[in-house]
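Here is the structure we will look at.
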Amino acid sequence: MQYKIALLRGDGIGPEIVDSAVRVLKAVGEKFGHEFLFTPYLIGGSAIDATGKPLPEETVAGCLASDSVLLGAVGGPKWDTLPGHLRPEKALLGIRAAMELFTNLRPAKLYPALKAECPLREDIVEKGFDIMIVRELTGGIYFGDRGYREGKYGEEAFDTECYSRMEIERIARVAFDCARKRRKKLTSIDKANVLETSRLWRKVVHEIAAEYPDVELQDMLVDNAAMQLVRNPSQFDVIVTSNMFGDILSDEASQITGSIGMLESASLGNTKRGLYEPIHGSAPDIAGQGKANPIATILSAAMMLLYSFDLADESAAIVKAVDKALEDGLRTADIARGGEALSTTQITDEIIARL
Ligand code: NAD
C-alpha cells in the first residue's frame, strides 16, 4: 500500500525528531511492504521567515491532500515578540481547525524501564499505569463567547463554556471505541455538581454508554480526578473529558510519567486523516545539538499507523522496538540521569535495529 504523509518539521528540534520518525517509518515500510511518500511543508517560525505567515496556504492544502500529517514542534525565542496573529503557535490552532480535528488522544504511560523518572511514591510506581486521555478539542470555554464589559465592580472579563449534544456524542463515541480496544474501562470527567454543561455531558455520555455494554463507565468530578491521577493512576484506562479539563489533566498526566520527550499524541476528526505530534515543544535550548529525544515523535508515527492507516502490527512493531531499546538501557540525555547518553541519530539507529 502507498500512503501520503505531509511532514511539518517546524522549528527548534522539530526537524531532527521528524527526520528520525521518517527513518523509522521507512524501515517499517521496507519490512512490511508499504510505501510511505513524504512531502515537507513549512509551519511556524520557519514559515514566517520564508513567507511572512506561520501557516502558509500551501501547507494547509498539502495537509488536506495527504493521508496523514506528522508534526514536529513550532516556536522559539526568535519569534516570541511578534504580534499574536503572527506567532508560530497560531499555526497549530489554524491547522487543527482546517483539518476539522475535534479529538485529542494523549497517552500517559509509565515505561517499566523508566520507573526512576516517575516523581510519584515507590508503591504507586510499582503498580505502573497506562492511561489514554481523550480530550474534546474544538468546543467548550476555549471557543465560547468572551469579552469585556462593565459589571457590578467596574471592568470585568468573561468566557463562556458551551457544549452541544452533537459535540459530546461524537467525542464519547471516540472514547468508548478507544476503551473497547484497550482494557474496556472509561472514566468520564466533569464538574456536574456545579456546571450545566457538565450535567449535559454526563447525561449524553450515559446515553451513548448503552451502545457499548462491554465497556464499564465511571463518572468522576474533575477535582477528584486531579487527585486520583497522582494518588492511584493505575485505576484509569481511558479518560474522556472536555477541552479545558483535558488540557489541564493531560499535562498533569504527562508529568507523572517523568519524561516529556517520550509522549506522543494524535488529533483526529471525522476522516482517517489525523495530525500526529509529540506533546513537547521545540526545545530551543538543545536545538541543533543532536541531543533531542526522538521517541515521542517516533511513537506519534506509530499512532498514525494505527489510527490513520489501520496498520496495527506495524504500529505495534515500532512500540516494541522502542520498549526493547529502553529495556536494553539505551537513553538520550533527557532520560540518562547522568549516565551514557546517545544522540538523536544513535537512538534512532538502535530503535530501527530492533524493529
Ligand atoms: P519545550 O517542551 O520545548 O521544552 C521544555 C524542556 O524540555 C526543555 O528543557 C527542553 O530541552 C526539554 N525537552 C522538550 N522536548 C524534548 C525532547 N524531545 N528531548 C529532550 N528534551 C526535551 O517547552 P518550552 O521550553 O516551554 O517551549 C519552547 C518553545 O516551544 C516555545 O516557543 C513554545 O511556545 C513552543 N511550544 C511548542 C509546542 C508545539 O509545537 N506543539 C508545544 C509547547 C511549546
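The values are calculated or read from the model by the stated rules, or taken from the named source; none is laboratory data. Here the structure is a predicted model, which means the values were calculated and not measured. Reconstructed Cβ throughout: ideal geometry from the backbone, glycine too, with neighbour counts over all protein chains shown. All accessible areas refer to the heavy atoms of the entire protein, side chains included, with ligands and DNA or RNA removed. Shrake-Rupley method; radii C 1.70, N 1.55, O 1.52, S 1.80 Å.
With R₀ set to 45 Å, the beta-carbon distance separating residue 155 from residue 58 gives a calculated FRET efficiency near 0.60.
Each residue, residue 97 and residue 209, gets one label point 7 Å from its Cα in the Cβ direction; the gap between the two is 3.5 nm.
Can you give the Rg/Rh ratio of the chain, where Rg is from the C-alpha atoms and Rh is the Kirkwood radius? The Rg/Rh ratio comes out at 0.97. When peptides 105-113, 224-232, 6-14 are sorted by average Cβ neighbour count within 10 Å, with the highest value leading, the order is 6-14, 105-113, 224-232. Here's the picture: charge each Lys and Arg Cβ at +1 and each Asp and Glu Cβ at -1 in region 184-247, and of 246, 212, 232 the one pushed furthest to the positive end of that dipole is 232. A straight Cα-to-Cα reach below 30 Å connects residue 184 with the lysines 109, 115, 127, 203, 272, 320, 324, residues fewer than 8 places away in its own chain not being considered.
Accessible area per residue for the chain, computed on protein heavy atoms with a 1.4 Å probe, is 44 Å².
Overall, region 100-204 carries a charge dipole of about 760 debye about its Cα centre when +1 sits on the Cβ of Lys and Arg and -1 on the Cβ of Asp and Glu, all other atoms neutral. Couplings for region 58-67, taken from phi via the Karplus curve 6.51 cos²θ - 1.76 cosθ + 1.60 with θ = phi - 60°, read 4, 5, 4, 4, x, 5, 5, 8, 9, 7 Hz in order; Gly and Pro are left as x.
Calculated mean residue ellipticity, 222 nm, the chain: -12500 deg cm²/dmol, from DSSP H runs (n ≥ 4) at -39500 (n - 2.57) each, averaged per residue and rounded to 500. Projecting the Cα atoms of 72, 352, 17 onto the dipole axis of the chain, where Lys and Arg carry +1 and Asp and Glu carry -1 at the beta carbon, places 352 farthest toward the positive end.
Taking amide H atoms as placed 1.01 Å from N in the peptide plane, the amide H of residue 311 lies under 5 Å from those of 306, each 5 or more residues away in sequence or on another chain. Here region 252-278 and region 283-355 have alpha carbon centers that stand 14 Å from each other. Secondary structure note: in the chain, about 40% of the DSSP beta bridges are antiparallel. Note on residue 162 and residue 271: with the Förster distance fixed at 22 Å, the Cβ-Cβ geometry gives a FRET efficiency of about 0.30. Classification of region 118-186 by its C-alpha gyration tensor yields an oblate form. The axis ratio a/c (a ≥ b ≥ c) is 1.5 or more, and b/c is at least a/b. Once neighbouring chains are kept in place and the probe is 1.4 Å, which whole percent of the accessible area of the chain is contributed by carbon and sulfur? So the carbon and sulfur contribution to the accessible surface is 53 percent. Taking a ≥ b ≥ c as the square roots of the Cα gyration tensor eigenvalues, region 1-43 comes out oblate, since a/c reaches at least 1.5 and a/b does not exceed b/c. Stretching the chain fully between residue 323 and residue 38 yields a gain of 100.0 nm (0.36 nm per residue, less the alpha carbon separation). About its Cα centre, the chain has a charge dipole of approximately 380 debye under the convention of +1 per Lys or Arg Cβ and -1 per Asp or Glu Cβ, with nothing else charged. Packing, taken as the mean count of other beta carbons within 10 Å per residue, orders the peptides 233-239, 63-69 from highest to lowest as 233-239, 63-69.
Taking region 332-353 and a reference point 7 angstrom along Cα→Cβ of residue 26, the backbone N atoms nearer than 16 Å belong to 345-353.
Of interest is the spacing of the C-alpha centroids, which for region 72-124 and region 233-247 amounts to 16 Å. Note on region 133-168 and region 34-51: Cα centroid distance 33 Å, given to the nearest whole angstrom. Highest GNM mean-square fluctuation among 202, 170, 337, for the chain modelled with Cα contacts below 10 Å: 337.
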